[in-house]
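Q: Dropping a structure here in structure tokens format, bear with me for questions.
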Amino acid sequence: MLLAKVATHYRKIRGTKTMKSLADAGLLDRINGSARLMIVSDLDSTMVDHDDSENLSLLRFNALWEAYYRHDSLLVFSTGRSPTSYQKLRNKKPLLTPDITILSVGTEITYGESMVPDTGWTHHLNRKWNRDIVVEETAKFPELAPQSETQQRPHKVSFFVEKVKALEIMSFLSEHLEKRGLDVKIIYSSGIALDILPKSAGKGEALAYLLQNFEVDGKVPLHTLVCGDSGNDSEMFTIPKVHGVMVSNAQDEFLQWYKQNAKNNPNIIHATERCAAGIIQAIGNFCLGPNVSPRDIKDFKKCNVDIFSPGHEVVKFYLLYERWRRAEVDKSEQFVKNLKSGFCPFGIFVHPSGIEQPFHQCLDYMAKLYGDKTEHQFRVWVDRVSSAQIGSDTWLVRFYKWELSGDERQCCVTTVLMSLKPDGFTWVHMHQTWLEGSRARDQTAWCF
């Protein structure tokens, strides 16, 4: 019903602006045909576990996505956060760069890393919406405490209110705003947050709109997995033909919705794992693709990997690099020798400072760093891995390599030339440049 309703109206509003947003972000031609999998996930307490100070479940998901899915699938974040609040979270947590971002409880849609806005969606939401009238009517309720200014958006007016008073206020507002000619949706979630949106907005409506986008282009994802933990996520689970996972830490309001509306739906599960670990669990439960994160593989030499790809090679190397510096592997010459076997003996590493060094020299330096990060919170992850085959056995790979050490985060834009041999990939050349604002204080300590 929801998808059909949005599709009918969307056909009327779809035009060059929406197409231009998609094209500007490169999503129309990044994937040849339909995405193999599209994951649409809430952030707080779903993708991000705020009780996990080490961010281990999120890092497990990151490694899985970049190793096996980034090249032919789509990652969508659907959050109640405003753009400002979302950027603050990105600066704090090791989040990957999504292909599409749905913000402010489904009232804003942006594409790509540059977050190109979908102006067609904005036009869609303007029908029977007047923010000034909403503000005027809500001012009659002193029980409504406005959320921060950054959470107030053109198509979203947000408050905090106690649960015992929420239902009465919602009923009154719905009636009076309708009398004033508005068509609104009022969402109460997390036992405290009340959002007033256009009736045609919301996480479910935004997802339905995206799917219709892809249907018009003949690129509907082969599988879609929606992931959430609270009441404002429930709409996404009503979209036909999607798989859904409620993470184990889902809130009571969402569990109640599940019991009343989806308990007998085999395409929706209540995971036994928290947050991003629950998402990985759902990928396996629904047989949507690989579901063993490279972070869960202790010994790559003993693990038979059916998928050989540049993405997997990059993720594997940096996991081994992290484990060496955290002393999570045995200190042995064989370990270093195994690493060296994956690098061309005459290969060159261009340090982000511009200095060129032979690979073997860099690996010898790395060997001396064993266990130097055992007393720090030290993690490494890669983002936006992309690759292009430029010869019969040659690949050009590009990615963002992030490193967290204590409170300091650095990032390098990295380009690697690889050749494919019968026994795996060989790193031939590597070039790094600092991402703006992410330069290390001590550049001499940067390794790979």
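The values are calculated or read from the model by the stated rules, or taken from the named source; none is laboratory data. Source: prediction; values computed, not measured. Here Cβ is always computed from backbone atoms with ideal geometry, including for glycine, and neighbour counts include all displayed protein chains. With ligands, DNA and RNA removed, areas are computed over all heavy atoms of the protein, side chains included. Shrake-Rupley method; radii C 1.70, N 1.55, O 1.52, S 1.80 Å.
Q: Going down the table (K298/K373; K156/K241; K93/K199; K301/K331; K199/K219), which pairs top 21 Å between alpha carbons?
A: Where the Cα-Cα span goes over 21 Å, the pairs concerned are K156/K241; K93/K199; K199/K219.
Q: Turning to a different aspect of this structure: Cα centroids of the range 426-443 and the range 296-371: how far apart, whole angstrom?
A: 16 Å
Q: Another question, then. How tilted is helix 56-68 with respect to the longest principal axis of the chain? Cα atoms for both, answer in degrees (0 to 90, nearest 10).
A: Its long axis makes an angle of about 70 degrees.
Q: Could you tally the net charge around P142, taking each other residue with its Cβ under 14 Å from the Cβ of P142, Lys/Arg +1 and Asp/Glu -1?
A: Residues close to P142 contribute a combined charge of -2.
Q: Right, next: With the dipole of the chain worked out from charges on the C-beta (+1 for Lys and Arg, -1 for Asp and Glu) around the Cα centre, which of H124, G112, I283 lies farthest toward the positive end?
A: Of the candidates, H124 comes out farthest on the positive side.
Q: Might you tell me the accessible area per residue for the chain, computed with a 1.4 Å probe and given in Å²?
A: That works out to 45 Å² for each residue.
Q: A further question on this structure: Could you give the length gained by full extension between K337 and L396, i.e. 0.36 nm per residue of separation minus their alpha carbon distance, to one decimal place?
A: Difference between extended and current length: 18.8 nm.
Q: So who's got an amide H within less than 5 Å of the one on K185, skipping anything under 5 residues away but keeping other chains? H placed 1.01 Å off N, in plane.
A: HN-HN under 5 Å from K185: L197, K199.
Q: Order C303, C275 by their accessible area, 1.4 angstrom probe, all chains in place, largest first.
A: Sorted descending by solvent-accessible area, the residues read C303, C275.
Q: First measure r as the distance between the Cβ atoms of E162 and S114, then evaluate 1/(1 + (r/R0)^6) with R0 = 41 Å and state the FRET efficiency to the nearest 0.05.
A: Efficiency for this residue pair is about 0.55.
Q: Given a 1.4 Å probe and heavy atoms of the protein chains only, how would you sort K140, K368, largest accessible area at the top?
A: K368, K140
Q: At 222 nm, what helix-only mean residue ellipticity would the chain give, in deg cm²/dmol to the nearest 500, using -39500 (n - 2.57) for each DSSP H run of four or more?
A: -10000 deg cm²/dmol
Q: Taking all protein chains together and a probe of 1.4 Å, list R439, R325, R60 from the most accessible to the least accessible.
A: R439, R60, R325
Q: Quote the charge dipole size of the chain about the Cα centre in Debye, to the nearest 20; the model charges only the Cβ of Lys and Arg (+1) and of Asp and Glu (-1).
A: Dipole size: approximately 680 debye.
Q: In percent, what relative contact order does the range 152-301 have, based on Cα pairs under 8 Å that are 6 or more apart in sequence?
A: It comes to 16 percent, rounded to a whole number.
Q: Could you pull the accessible area for H124 with a 1.4 Å probe, rounded to 10 Å²?
A: Answer for H124: close to 10 Å² accessible.
Q: Quick check on the chain: of the DSSP beta bridges with both residues there, what percent are antiparallel, nearest 5%?
A: Counting only bridges with both partners in the chain, antiparallel ones make up about 70 percent.
Q: Taking GluC sites (Glu not before Pro) as exposed when DSSP calls them loop (any state but H, G, I, E, B) and at most 16 other Cβ atoms lie within 10 Å, what is the longest stretch of the chain free of them, the sites themselves excluded?
A: That gives 163-272 as the longest site-free run.
Q: Going through the range 254-291, which trypsin sites (Lys or Arg not before Pro) have at most 11 other Cβ atoms within 10 Å and a DSSP loop state?
A: K263
Q: Mind sorting out which of (1) 40, 33, 21; (2) 43, 23, 21; (3) 37, 33, 25 is the real semi-axes √(5λ) of the Cα gyration tensor in Å computed from the coordinates?
A: (2)
Q: Moving to a separate point now. Considering only protein heavy atoms, what is the solvent-accessible area of T444 at a probe of 1.4 Å, reported in Å² to the nearest 10?
A: 110 Å²
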